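Chemist: Would you mind keeping the following structure in view while I ask a few things?
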Amino acid sequence: MHVFAYTLIQNGTKTALLFCRFYKGYNRVLIIKTALFFYYDMEAKNYSFRVDATKSKVYKDSSSPVTLVIRKEGQRKKIYLGISATIVEIKKKDGNTEFKSQWNEKFQRYEIDGRKGLHPDCERLNKWLDTLSGRCDELIKDFEKKKIDWTLNQFEDSFLNKTKKKGIEIFFDSHIQKLNDAGKIGNKICYQNTLHILQKFDKDFGKKIFSEIDKKFVNNFHQFLYSEGCANNTIVYYQKALRALINKAIEEGEASATSYPFGKDGYSIAKVCEVTDKRYLPSEHLETIKTAILDKYVLNWSRNLFLFSYYCQGMSFVDVAHLKRTDIVQLESGKYLKYRRQKTEAKQTRFIHIKITDQIQTLLNWFEDHCTLIGDYITPVVSIEGYKGEELYTHIRNRYKKLNIHLKALATELKIEGIKLTSYVSRHSYAMRLKNSGIAEDVISEALGHKDLSTTKVYLDSFQNDEISKANEVL
């Protein structure tokens, strides 16, 4: 009922009565009465949900944080909720100012009127804010019942202990916001996808606390994913994200390790991982790709991006896409590409250094001479200027798909059979070529830029750059 009431007070009587046509079981008068009660009840509370539009608080994506504001005896306190909304100020030709906002300040919820530019999760977040509102009411009633003349700090402590430290969905939302603020769009989307599928699996997920995410829950989640037709690697994708979030919550003191569902006696992600087909090229196929004379531009474009990744120590496509002129540095032993992996979340990670060999320089020259390079990018992946954040992420993902389509055509053209040629094959081929040449595995791990020794070692420059450069001479 509150959904219809909220729709009414946000969008007017006509919109609400349209709902009545489809939901004839609802009494129109009751909806209107509920709407009026909802509106006046909000105004009388000790708390409200507001957007903090202070300039210093605005996030990188131009959105502003949504806060819970507690009021008592002329004092107020803000609690930041880890979510945000965009308020855009538009100067019109007639000199007036128009505000286009994702947030309805009057009704303290996200706009849901169906126009463009609304928050993509507006309905879900409104339900979550309804839940928080209910928890605030419970806290105040509990204080009154116990005859406690509560302070703002007492309210905050009780509120956070009841929500942040126990609610896994709240922690998800907060972590997603932090990733968004840090520009980690790929990781953000991974956690968004995981949260969405968890909500689909468990309709009461928003009420779950960390202690309820036990081995039984995770096993049931696995069965649900399997029943939805997910392949093993897709199941691993979601379970790894859930495990990483719980680990982070334990690390930050928001969850207890007592009911930890993974690990030695828990759900084993390793047992689910599929053994994938070999995805590296034999030497003869690599030589064919290197030496082939190709007539079509798209085949040369895809071949040269593949080889660039291969010669750059199996550099991932997303890292190739982000390389700029400022990533070329001069060291004592020559010119190097110096970059951090886009996949790595932490800003404190070390740089990877790759010496610009003759092969790499030849490819950079080809990109410069035959491709339209955008801005300071040194590879022809990004093809539209001005993209940032999620828009840039989506653009690069689309270019990745296009590259793999052209690589498939390249494999057909060169009669390469028995392997699906994709951009990731260059990374595997680099690793296997070094391994088959007798290069130590810890050196290969370092060259690949893996985060730790289980996924292979930390980062390139903890070894001498010359040692990696020597390894590259066998390519």
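Chemist: D for segment 308-432, whole µm²/s, Stokes-Einstein with Kirkwood Rh over alpha-carbon pairs at 37 °C and 0.692 mPa s: what number? Let's see the in-between values first.
Modeler: Details: Rh = 15.7 Å.
Once the numbers are plugged in, D ends up at 209 µm²/s.
Chemist: In whole Å, what are the extents of segment 47-135 along the principal axes defined by its C-alpha atoms, from largest to smallest?
Modeler: Each principal axis gives a Cα extent; for segment 47-135 these are 44, 29, 25 Å.
Chemist: For segment 164-275, compute the orientation-averaged projected area of the C-alpha convex hull (one quarter of its surface), in nm².
Modeler: Computing the convex hull of the Cα atoms and averaging its projections yields 7.0 nm².
Chemist: While we're on this one: With no solvent and one point on each alpha carbon, what is the Debye value of log10 I(q)/I(0) for segment 291-337 at q = 0.14, 0.21, 0.22, 0.29 Å⁻¹?
Modeler: With no solvent term, the Cα-only Debye profile gives -0.45, -0.83, -0.87, -1.07.
Chemist: Past 19 Å, Cα to Cα, is the threshold; run 147/207; 184/248; 296/388; 106/203; 184/388; 77/248 against it and keep the listed order.
Modeler: Over 19 Å apart, Cα to Cα: 147/207; 296/388; 106/203; 77/248.
Chemist: Still on this structure, I have one more. Hey, quick one: spin label on residue 350, modelled 7 Å out along Cα-Cβ, who in segment 301-338 has an amide N within reach, i.e. under 20 Å?
Modeler: 312-316, 327-338
Any read-out appearing in this document is the output of simple, stated calculations on the displayed coordinates, not a laboratory observation. All of these numbers come straight from a predicted model, not from anything done at the bench. Neighbour counts run over all protein chains shown; Cβ positions are idealised from the backbone, glycine included.
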